[in-house]
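Here is the structure we will look at, set down as C-alpha cells.
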Amino acid sequence: TIYHIDIIIADGFLSLTGDEEVRYTNQEDEPLDEVYFQLFPNMEGGSSTITSVNVAGSKPIPQYEQNHTTVKIPLSTPLLPGESVIIDLSFKVNIPQDAGGNYGLFGYIDNILVLDGFYPAVPVYDSEGWHKGQIPPNSDTTFQDVSFYVVKITAPADLVLVTSGVKIDSSSKNGKQTTTFAQGPSRDFYIAASNEFNVISQKVGETTVNSYSLPGLEEGSAVALSTAVNAIKTYNEYIGTYPYTEFDVVSTPMQGAYGIEYPGIVGINYSL
C-alpha cells in the first residue's frame, strides 16, 4: 500500500483536516468488493470523519460500522487478486486535550501534540477477512500491511515536527510551514510536535539519532540519546544494520505506559 497524505494542523492544535490518496493492491486469492479503513481517533478520545471519497471517478458513500471505529468504502467493480485501486479520501479530525483511550497517545496535552493513528488506515485482510473495528483497551492499535508513506504537513511555522521517516522538503511563508516527510517500508506513520521541543543528535554509521524534549528535561534527553545510540550499535553488530537513516526519541505525555514504539521513532513518558 502507498499512502500520500496531506494534512493541515489548525493554529490551536485541536483539529486537523486532510486529503489522502491510497494505492491499495489486493494481495489475496479472492476478489474484494470493498476496502475498509480504521478510524483510530474515534477509539482514542477524539473523532475522525470522512468528508469525501473518490474511487476512479465514482463517489461511493462511506459506510460507518462498529460505532464509527471503521468505515467501509464499497467498490463499483470487484478488485481482483493482483489488481490495484486508488482511493482518494478527505477527512477531518478533532483532537482531545486530555489523555483519552489507548494510553493517552492521541491529543494535545501540556503543549505537546501526539498523533497516534491520525489518518484513515487500511487494516490487514487475510484468510480471516478484514481485521477491522474496535480494538481492545490499551492494545497495539495497528495491524496493517507494510506500506510506503509520503506525508505533507502544513502547520504553524514554530511547531517542531517529529515524525516517522525523514524530512524531504520544507518551506515557510506567512507564519506557516509546509514540511514533507517520507517513510517506508513500515506499518505505520506517527507524528509528535511542540513549539517547545529541543533536540540533540548523534550519528551511528549512516543513521542520525535524535532526542527531543521539553525545556528542563535536558539531562533525561541526553540519557535517552546515549541509550538509543548504544542500543543501535549493539543491534547493528548482532542482528543487522538498522534499515533507516534516522531514529527519533521524543518526550511525550502518556497514561499508564513508560514508552511506545512506532516505525523509526519511540515516545518516552516525559514524567519519568
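The values are calculated or read from the model by the stated rules, or taken from the named source; none is laboratory data. Because the structure is predicted, anything quoted here is derived from the model rather than measured. We place every Cβ from the backbone using ideal geometry, glycine too, and count neighbours over all the protein chains shown. Areas reflect the complete protein model, heavy atoms only, side chains present, ligands, DNA and RNA absent. Shrake-Rupley method; radii C 1.70, N 1.55, O 1.52, S 1.80 Å.
State the percent of C-alpha pairs, over all pairs in the stretch 193-248, separated by a distance greater than 14 angstrom. Summing the P(r) tail past 14 Å for the stretch 193-248 gives 53 percent. Note on the stretch 169-272: with neighbouring protein chains present and a 1.4 Å probe, carbon and sulfur make up 52 percent of its accessible heavy-atom surface.
For the residue pairs LYS152/LYS173; LYS176/LYS203; LYS132/LYS152; LYS92/LYS176; LYS152/LYS203; LYS59/LYS173, the C-alpha atoms sit more than 23 angstrom apart in LYS176/LYS203; LYS132/LYS152; LYS152/LYS203; LYS59/LYS173. Between GLN134 and ALA10, full extension at 0.36 nm per residue minus the direct alpha carbon distance yields a gain of 41.9 nm.
Given a Förster distance of 25 Å, report the FRET efficiency between ASP145 and THR227 from their Cβ-Cβ distance, rounded to the nearest 0.05. List each step's numbers first, then the result.
Numbers: r = 31 Å, r/R0 = 1.24.
Given R0 = 25 Å and the Cβ-Cβ separation, E is 0.20.
Could you give the alpha-carbon Rg of the chain over 2.2 N^0.38 Å, rounded to two decimals?
Details: Rg = 18.8 Å, N = 272, 2.2 N^0.38 = 18.5 Å.
The value comes to 1.01.
Listed by chain and number, the aspartates and glutamates placed with their C-alpha closer than 13 angstrom to that of LYS167 are GLU246, ASP248; residues fewer than eight positions away on the same chain are left out. Per the Kirkwood formula applied to alpha carbons, the stretch 8-57 shows a radius of gyration over Rh ratio, Rg over Rh, of 1.05. The translational diffusion coefficient of the stretch 1-108, from Stokes-Einstein at 10 °C and 1.306 mPa s with a Kirkwood hydrodynamic radius over alpha carbon pairs, comes to 106 µm²/s.
Give me the percent of accessible area attributable to carbon and sulfur for the stretch 73-149, probe 1.4 angstrom. Write down the numbers at each step before the final one.
Working: 1570 of 3150 Å².
Summing carbon and sulfur atoms, their accessible area is 50 percent of the total for the stretch 73-149.
If exposed means no more than 16 neighbouring beta carbons inside 10 Å and the site is in a DSSP loop, what's the longest run of the chain without any exposed chymotrypsin sites (Phe, Trp or Tyr not before Pro)? That gives 1-142 as the longest site-free run.
Per-residue extension of 0.36 nm, minus the Cα-Cα distance of LYS203 and LYS176, leaves a gain of 6.7 nm for this segment. Projected over all directions and averaged, the alpha-carbon convex hull of the stretch 27-179 occupies 10.5 nm².
Couplings 3J(HN,Hα) for the stretch 52-60, derived from phi with the Karplus relation 6.51 cos²θ - 1.76 cosθ + 1.60 (θ = phi - 60°), are 7, 9, 9, 10, 6, x, 8, 10, x Hz, where x marks Gly and Pro.
Helix 218-238 axis versus longest C-alpha principal axis of the chain: approximately 70°, rounded to the nearest ten. Over all pairs of different C-alpha atoms, the stretch 136-201 has a mean inverse distance whose reciprocal, the Kirkwood radius, equals 13.4 Å.
Full extension of the chain between ASP98 and VAL166 gives 21.6 nm of extra length, using 0.36 nm per residue less the Cα-Cα distance.
Residues in the chain average 46 Å² of solvent-accessible surface per residue, probe 1.4 Å, ligands and nucleic acids excluded. Note on the chain: with a GNM built from Cα contacts shorter than 10 Å, the maximum mean-square fluctuation among ILE50, ILE112, ILE232 falls on ILE232.
Computed with a 1.4 Å probe over protein heavy atoms only, the accessible area of HIS68 comes to about 90 Å².
The simple spin-label model puts a point 7 Å past each Cα toward its Cβ; for ASP88 and GLU30 those points are separated by 3.2 nm.
Inverting the mean 1/r over all pairs of different Cα atoms, compute the Kirkwood radius of the stretch 143-272 and quote it in Å.
Numbers: mean 1/r = 0.0648 Å⁻¹.
Taking every pair of different Cα atoms in the stretch 143-272, averaging 1/r and inverting gives 15.4 Å.
Residues ASP19, ASP88, ordered by accessible area of protein heavy atoms at a 1.4 angstrom probe radius and largest first, appear as ASP19, ASP88.
When only DSSP loop residues count, what GluC sites (Glu not before Pro) in the stretch 140-227 have their Cβ near at most 13 other Cβ atoms within 10 Å? Listed in order of number, the matching sites are GLU206.
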